[in-house]
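The values are calculated or read from the model by the stated rules, or taken from the named source; none is laboratory data. Values in this document were obtained by computation on a predicted structure and should not be read as measured data. All Cβ positions, even for glycine, are placed from backbone atoms using ideal geometry, and neighbour counts span all protein chains on display. Accessible surface areas use protein heavy atoms only, side chains included; no ligands, DNA or RNA. Shrake-Rupley method; radii C 1.70, N 1.55, O 1.52, S 1.80 Å.
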Amino acid sequence: RNTYTALLVKVDKRFSHRYQFTASYALQSQMGLNGIENMDNYDSTWGPQAARQILHVVGTVQLPWGFSLGVVSSTSSLGPVMPVISGIDLLGSGAGSTPLPGLSYNCLNISCGMSDLKAAVANWNATYAGKIDGTGQHKMPTLTLPSNFSLGRPFNSQDMRLTKTFTYRERYKFNIFAEMFNIFNYSNYGGYSFDPSNSTGFGIPTQRQTQVFGSGGPRAVQVGGRITF
């Protein structure tokens with residue numbers, strides 16, 4: 001089950017005066033089931049599944065002396081987050097973990113924020129901490145959020161290609177190009193834990209997004225060539 005609604009806007013500049021570009025923007029809402037956290041109610045994880053906003057800009061500029069410059073800009077807002085307490089089965093349904101009560105599923109970064117998270121943690125500590133969970137086997141922990149944490153970071157990558165074209169007798173072309181990915185070396189973090197029982201690791205990134213000469217990872221440069229005939 002999945003629904004997707006969006007406002008999609010696209011602007012195209014056709015090639016003239018030596019340049020062209022395409023810009024596209026999406027204000028979106030993607031909803032669906034996010035796994036199973038309650039064996040008695042599979043629909044309990046219905047919630048957001050994607051970032052609310054995405055912007056892409058692609059352009060090409062023809063420069064003097066046979067050079068051309070291509071740029072790709074990719075940006076998106078934060079994706080949805082749901083804190084889940086591992087090893088605790090509040091309802092005893094057999095799921096083995098518990099989404100933090102007081103928050104609709106995956107609402108963080110979409111329809112609720114830090115104040116809602118802190119209120120849900122305080123409510124858990126007042127209502128459930130120290131008691132036995134629904135399995136009758138596990139004591140439910142007191143939750144403590146780190147002093148510094150985040151709910152992710154917006155995605156951002158600016159990529160560029162510079163190409164020099166040599167033409168021989170019109171039929172033969174040789175292109176030499178250099179590409180740089182993530183020009184500003186923006187850190188797109190990953191490896192987050194959103195288990196609030198992990199008092200030191202909650203909301204702390206453990207790695208940067210990786211890539212093999214593609215958008216999003218650490219700054220990378222490559223050069224190459226192509227013959228057309």
Which of the lysines could a cross-linker span from K139 if the Cα-Cα distance has to be under 29 Å and same-chain partners fewer than 8 positions apart are dropped? K118, K131
Want the number for R153 to S97: 0.36 nm per residue separation, take away the alpha-carbon distance, what's left? 17.6 nm
Ranked order, D40, D89, D116, D12 - accessible area, probe 1.4 Å, largest first: D40, D12, D116, D89
Straight distance only, please: which lysines reach the Cα of K173 with their own Cα at less than 30 Å, same-chain residues fewer than 8 apart left out? K13, K164
Going toward the positive end of the dipole of the chain, with +1 on Lys and Arg Cβ and -1 on Asp and Glu Cβ, which of I183, F194, Q207 do you reach last? I183
Rounded to the nearest 0.05, FRET efficiency between T3 and T228 (Cβ-Cβ, R0 41 Å) equals 0.35
Degrees separating the helix 114-127 axis from the principal Cα axis of the chain, which is the longest one: 20 degrees
Among S29, G130, A120, which residue has its Cα positioned farthest towards the positive end of the charge dipole of the chain, with +1 placed on the Cβ of Lys and Arg, -1 on the Cβ of Asp and Glu, and the dipole taken about the Cα centre? S29
About the Cα centre of the chain, what is the dipole size in debye to 20, counting +1 per Lys and Arg Cβ and -1 per Asp and Glu Cβ, all else neutral? 1380 debye
